[in-house]
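The values are calculated or read from the model by the stated rules, or taken from the named source; none is laboratory data. The shown structure was predicted, so the numbers you read here are calculated from the model rather than taken from an experiment. Glycine also receives a Cβ, built like all others from the backbone with ideal geometry; neighbour counts cover every protein chain displayed.
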Amino acid sequence: MAAGTWLRIADALKAPVGTAVTVKGWVRTRRDSKAEGGLSFVALHDGSCFDTIQLVITGSVGNYADEVTKLTTGCAIEADGVIVATPKGGVEIQVDPARNAGQGAVRVLGWVDDPDTYPIQPKPHSFEYLREVAHLRVRTNTFGAVARVRHCLAMAIHRFFHERGFYYVHTPIITASDCEGAGQMFRVSTLDVMNLPRTADGKAINFGEDFFGKESHLTVSGQLNVETYCMALSKVYTFGPTFRAENSNTSRHLAEFWMIEPEIAFADLAADAQLAEDMLKYLFTTVLTERADDMKFFAERIEKTAVDRLKHIVEKPFLRLTYTEGVKILEQAIAKGQKKFEFPVKWGTDLQSEHERFLTEEHFKQPVILTNYPKQIKAFYMRLDDNCEPDRQTVSAMDILVPGIGEIVGGSQREERLDRLDARISEMGLPIKEYWWYRDLRRYGTVPHAGFGLGFERLIQFVTGMQNIRDVIPFPRAPKQADF
RNA sequence: UCCCUGUUAGCUCAAUGGUAGAGCGAUCGGCUGUUAACCGAUAGGUUGUAGGUUCGAGUCCUACACGGGGAGCCA
């Protein structure tokens, strides 16, 4: 028999019966039988798919008693064998030199030191515990599945934009401008914190002596930068890490997270909303197709509706609703005694989590695109709507709300008219000088344009049903949490 | 940051203010084409940290650390 080819487990599981193969991976479980002069069943995983492949190793393997029967969860091995059919209709690998000459061997590549304290045991672990061993948790079926789905979604995002003529723009991680808007920022500095230079009057830190010659921080958004490229390349997007130094302790916030921010020229809010809807549907369709194995697991063990709700969402158009209409629905629900809220509903104030959840989870039971919010609760760069009632000025903003997560996308048409933009900047007390280059975009060939931000981790949460955002990123960074 | 709640064996959890327990995992043995295997035995503990109350604290009190749920901020 010819020497077996090294196959990934995903491929070995699809190989025809009789194929000689070599597989390499890590042991998930081992069970022994004394039948037939010794028989061990080893479940092996290598990350190529959700399923393990079962090795059936007989006592005729040279190192059977010395090594095979001492394998524990986590050991790394490679094995030569032959694909055979199982009674249940699948395939497994027979590792038996007595039956297949030259195709029955197990080589141990790495033992597990002290199996008693190996953190990943063949039993259910709490996600909280696994977070403490984040360097090893990807070896579990849940975190392996999350990692593959995360990859699948990242690739699908790039493919979606590439296929539609978007350019991928690498916006900076470090920013020395103080104009990215709200949100506490992380300082980037090489100054000696034990001996900070002072300004001449001694009242402030002299950042002129710092690495960049001015105060600098980690970015909280690539939007303003990507708008510059939009004003030449028409269709662009960023996909990179984003940092917020907010003291947020929730299952939906991270200090370091990844965000997708497309920006389209010659476009209004309706086009923006359509782009976001098309993208989400493309991503859901892709993950259901490419990671059916992992999605089946999420539906079985993590969130029953994981697969069905994605299929359901792909089938029909998202609902579009203005903020004003949303407020009316909430007010009617209160008036009818249909629903009681902790916080009052009032036009002009931001919707609370409970209000958003009512709309998307109870009233409509589907994703909802809320548009045209009051200007006082939205950012300076959002376009003022025309023909508004007095005292009811709105902006061309949109939030996409989904059941279970709440806001997954936030976007807007941008204010392309310089006079209106300047008015908004001064109205909100922002330092207009800092915006000189952003304002230039309105001075030199301004056009209507729009864009949105999609939180990558929230997308993964929604797709997988994982409840805590810290479990959908390999090494979560959050207040008091920067291990690994 | 605020409210609630939790921290006991490698892991998941019990234990009325009075001798520290179980299941799983690990180790050893038995049985078995096993797959959440099963049966028996063995090992495994400064009860998150620091104080306090008490004859006596895993249990009651205080502070702190860390986790979880909710809220705010948002993606």
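Here are the numbers for the structure shown:
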quantity: Output for region A:83-92, where each listed residue is in contact (Cβ under 8 Å) with a residue 12 or more places away in the chain and either within 11 Å of RNA strand B (Cβ to nearest atom) or more than 15 Å from A:ILE57 (Cα to Cα) (or both); calculated: A:VAL84, A:ALA85, A:THR86, A:GLY90, A:VAL91, A:GLU92
quantity: Every residue from region A:43-82 that is within 10 Å of RNA strand B (Cβ to nearest atom), touching a helix residue (DSSP H, G or I) at 6+ places or on another chain (Cβ under 8 Å) and among the polar types (S, T, N, Q); calculated: A:THR52, A:THR58, A:THR72, A:THR73
quantity: Among residues of region A:322-349, those that are out of contact with any strand residue (DSSP E or B) (no Cβ under 6 Å at 6 or more places or on another chain) and closer than 25 Å to A:GLN274 by Cβ, counted; calculated: 5
quantity: Test for A:ARG420: is it touching a Leu at 6+ places or on another chain (Cβ under 8 Å), more than 21 Å from A:LYS316 (Cβ to Cβ) and within 16 Å of RNA strand B (Cβ to nearest atom); calculated: no
quantity: Restricting region A:93-119 to residues that are in a loop (DSSP other than H, G, I, E, B) and near RNA strand B (Cβ under 9 Å from one of its atoms), the residue that is surrounded by the fewest Cβ atoms within 10 Å (Cβ to Cβ); calculated: A:ASP114
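Yes/no per residue for (1) assigned to a helix (DSSP H, G or I); (2) more than 10 Å from RNA strand B (Cβ to nearest atom); (3) within 30 Å of A:ALA145 (Cβ to Cβ); (4) out of contact with any helix residue (DSSP H, G or I) (no Cβ under 8 Å at 6 or more places or on another chain):
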| residue | (1), (2), (3), (4) |
| --- | --- |
| A:VAL395 | no, yes, no, no |
| A:LEU401 | no, no, yes, no |
| A:GLN413 | no, yes, no, no |
| A:GLU416 | no, yes, no, no |
| A:SER426 | yes, yes, no, no |
| A:TRP436 | yes, yes, no, yes |
| A:LEU441 | yes, yes, no, no |
| A:PHE452 | no, no, yes, no |
| A:PHE462 | yes, yes, yes, yes |
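Residue by residue, here is whether (1) modelled with pLDDT of 95 or more; (2) within 16 Å of RNA strand B (Cβ to nearest atom); (3) within 29 Å of A:LEU359 (Cβ to Cβ); (4) in a helix (DSSP H, G or I) holds:
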{"position": "A:THR238", "(1), (2), (3), (4)": "yes, yes, no, no"}
{"position": "A:ALA245", "(1), (2), (3), (4)": "no, yes, no, no"}
{"position": "A:PRO262", "(1), (2), (3), (4)": "yes, yes, yes, no"}
{"position": "A:ALA271", "(1), (2), (3), (4)": "yes, no, yes, yes"}
{"position": "A:GLN274", "(1), (2), (3), (4)": "yes, no, yes, yes"}
{"position": "A:LEU280", "(1), (2), (3), (4)": "yes, yes, yes, yes"}
{"position": "A:LYS296", "(1), (2), (3), (4)": "no, yes, no, yes"}
{"position": "A:ASP308", "(1), (2), (3), (4)": "no, no, yes, yes"}
{"position": "A:LYS311", "(1), (2), (3), (4)": "no, no, yes, yes"}
